[in-house]
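Some notes on the structure that comes next.
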Ligand code: WT7
């Protein structure tokens, strides 16, 4: 069934937009390929006209003078305009008479026996967000101050994010799976003085000790003035008498009236830290106007959102990643389609949890990652088959290339062969979808993210910026500015230019290798830098190496990606030990090092494979030969030229070290 030959055959299958989708969705925004092509050409032909029209669909407190000012690599969108992203997500719906419509549906993880469900209308959201915004103001947070948020997937996380946007305080959300060190790095870099957290978060029936992690981080963060703590699990936590405040006391005491600050279109909306090739994670900067317009517009088109048609949208991402920012909160609320947040794990209390949610809430749009789909496949068809999934209309995937087997399974078993799959390619830096099918227009091919979004001038080029012919691998670039492009790396202009703008003059370089096929469809081939994509989460190999060498036994470490059945890419570490530890090389030390990395960074960084070696293969100039290690980690015979290897015997030794 899943042998290589079938997957090659399946790659050539084309799936036209289904009749089921067309007839059930109500309005098809982009109904065919002619409409797609015409609109894409129009959007690139006169971007200012196109985006000006789109942006007029939003509320502006002060109109913009110019749609775009572009001095590569610096873009300013809707120049001179003032707006507020929270207003466009929440207040606007209330003012338009939709205050009683459901904005957020939330389902908690514990099921005893039924899960807790909360539904927040736009009016309730407006009140809660306003209270929280007033609480932040009372703690001394001012427009422009960065607020760090480290919470589980509870409604208050979305409320906290929107409260920051309301008063013009950029948020920096840290994924709850990260360790205290990660909090320290991010809070220091952002110079954040306020942290919002929970007593703990439910995950697979266990409590993740978020507050204790913040406490540990704060021993190294003397500048943090306040920690606002939401009670979620009821587990005991230590409250620092002057620094810590309970959410229910502090937020509960506030007025539910707090006007939205009119901020400049280019006012920073948030920082979101993501891994790069070198150094510590970088704070990607997104600003208000362009990000707001692009995420809401692309959410509408990619998922074909239509308000008041009974649509329910469920994205399984955590708000700690860009997917949660753009396609749970900011892109969804302006479209007036309820966005469903689920608190916990996909396999709690059993492996059918997502399908139970789809059935219970009549979910129409389901958006998840290939790694999750591969887990569902492994868990077996009985789980989805136990549930009524007939409400589904559109399926989405994001985070990494999807293998055709997983695509076909998703299509047949979840979508009953009648739901379009949108394979959305984008990045933290792009803010929103850059290459994706449109469900009513684009014929899909399993494994391809198909064609560029409106306003996106994506291409495959060589290092001189010349476009490459079909079926030739090259660099994925975007040649024109788009509204939600990153505006920089917080506090590091040089790194911003070096990472994205120096490889090909005048073009945004995404960091992915890709090709286009004969139909012009894009196929992402993977990262071209030292970033690995583990379960759809980006990790710098250097971060894992630094964590490894911080262990007393380790002298040197080299980390590479290797194929992994569920994660897509797993983490392989080659480690040399200090002289005192030479005899400790064995399974217990491997486990210890795995735990050490998980403790330093977070569980997502735990190496899948560790090999001890006395030497690492290096070139004469001392560079670790990573490609060689990748070949060894994946069990491939290396076809690499090894003439520059410092020590030829290293290769043989590394292979031997495989147990
Ligand atoms: C990297 C960005 C954007 C939200 C999730 C990840 C890879 C993402 C796809 C896709 C192939 C994909 C790329 C990209 N990627 N989506 N549909 N097909 N590859 O965000 O952590 O910023 O990672 O994820 O390699 O560069 P991120």
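The values are calculated or read from the model by the stated rules, or taken from the named source; none is laboratory data. Please read all numbers here as calculations on a predicted model, not as lab measurements. Positions of Cβ are generated from backbone atoms using ideal geometry, with glycine treated the same way; all protein chains shown enter the neighbour counts.
What the table shows:
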quantity: Extreme residue, farthest from the chain's Cα centre (by Cα), among residues of the range 570-584 that are closer than 19 Å to residue 617 by Cα and not in a helix (DSSP H, G or I); calculated: 578
quantity: The range 100-116 - residue that is surrounded by fewer than 18 Cβ atoms within 10 Å (Cβ to Cβ) and touching a residue at least 24 places away in the same chain (Cβ under 8 Å) and, of those, nearest to residue 221 (Cα to Cα); calculated: 110
quantity: Qualifying positions in the range 351-364 - closer than 30 Å to residue 523 by Cβ and not in a helix (DSSP H, G or I); calculated: 363, 364
quantity: The range 121-152: number of residues that are surrounded by 20 or more Cβ atoms within 10 Å (Cβ to Cβ) and touching a strand residue (DSSP E or B) at 6+ places or on another chain (Cβ under 6 Å); calculated: 10
quantity: Single condition residue 224 does not satisfy, out of (1) assigned to a helix (DSSP H, G or I); (2) touching a strand residue (DSSP E or B) at 6+ places or on another chain (Cβ under 7 Å); calculated: (1)
quantity: Unmet requirement for residue 92, which otherwise passes all of (1) within 20 Å of residue 192 (Cβ to Cβ); (2) surrounded by fewer than 21 Cβ atoms within 10 Å (Cβ to Cβ); calculated: (1)
quantity: First in the range 382-410 and on the phi > 0 side of the Ramachandran plot and touching a residue at least 60 places away in the same chain (Cβ under 8 Å), second anywhere and within 15 Å of the ligand (Cβ to nearest atom) and in a loop (DSSP other than H, G, I, E, B), Cβ under 6 Å, 6 or more apart; calculated: 399/369; 399/536
quantity: Conditions (1) more than 19 Å from residue 329 (Cβ to Cβ); (2) within 17 Å of the chain's Cα centre (by Cα); number of the one not met by residue 284; calculated: (1)
quantity: Subset of the range 100-120 (residues that are over 22 Å from residue 326 (Cα atoms), touching a strand residue (DSSP E or B) at 6+ places or on another chain (Cβ under 8 Å) and not in a strand (DSSP E or B)); calculated: 100
quantity: The range 296-318: number of residues that are touching a helix residue (DSSP H, G or I) at 6+ places or on another chain (Cβ under 7 Å), within 16 Å of the ligand (Cβ to nearest atom), over 13 Å from residue 333 (Cβ atoms) and in contact (Cβ under 8 Å) with a residue 60 or more places away in the chain; calculated: 2
quantity: Enumeration of residues in the range 143-164 that are over 10 Å from residue 132 (Cβ atoms) and more than 19 Å from the chain's Cα centre (by Cα); calculated: 143, 144, 145, 146, 147
quantity: Yes/no for residue 172 being buried (at least 24 other Cβ atoms within 10 Å of the Cβ) and touching a strand residue (DSSP E or B) at 6+ places or on another chain (Cβ under 7 Å); calculated: no
quantity: Odd one out for residue 342, checked against (1) crowded, with 20+ Cβ neighbours inside 10 Å; (2) without any contact (Cβ under 8 Å) to a residue 60 or more places away in the chain; (3) more than 16 Å from the ligand (Cβ to nearest atom); calculated: (2)
quantity: Test result for residue 460, over 17 Å from residue 399 (Cβ atoms) and touching a strand residue (DSSP E or B) at 6+ places or on another chain (Cβ under 6 Å); calculated: yes
quantity: Residue satisfying condition, being free of Cβ contacts under 8 Å to residues at least 12 places away in the same chain, away from the ligand (no atom under 16 Å from the Cβ) and farther than 18 Å from residue 460 by Cβ, within set 545, 565, 595; calculated: 595
quantity: Leading residue by the ranking (nearest to the chain's Cα centre (by Cα)) among those in the range 326-338 that are more than 14 Å from the ligand (Cβ to nearest atom) and in a loop (DSSP other than H, G, I, E, B); calculated: 332
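Residue-wise test of (1) on the phi < 0 side of the Ramachandran plot; (2) assigned to a helix (DSSP H, G or I); (3) touching a strand residue (DSSP E or B) at 6+ places or on another chain (Cβ under 9 Å); (4) in contact (Cβ under 8 Å) with a residue 60 or more places away in the chain.
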| position | (1), (2), (3), (4) |
| --- | --- |
| 202 | yes, no, yes, yes |
| 212 | yes, yes, no, no |
| 216 | yes, yes, no, no |
| 235 | yes, no, yes, no |
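Yes/no matrix, rows are residues, columns are (1) at pLDDT 95 or above; (2) in contact with a strand residue (DSSP E or B) (Cβ under 7 Å, 6 or more places away or on another chain); (3) assigned to a strand (DSSP E or B); (4) surrounded by fewer than 20 Cβ atoms within 10 Å (Cβ to Cβ):
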position	(1), (2), (3), (4)
500	yes, yes, no, no
505	no, no, no, yes
510	yes, yes, yes, no
515	yes, yes, yes, yes
520	yes, no, no, yes
523	yes, yes, yes, no
526	no, yes, yes, yes
538	no, yes, yes, no
544	yes, yes, no, no
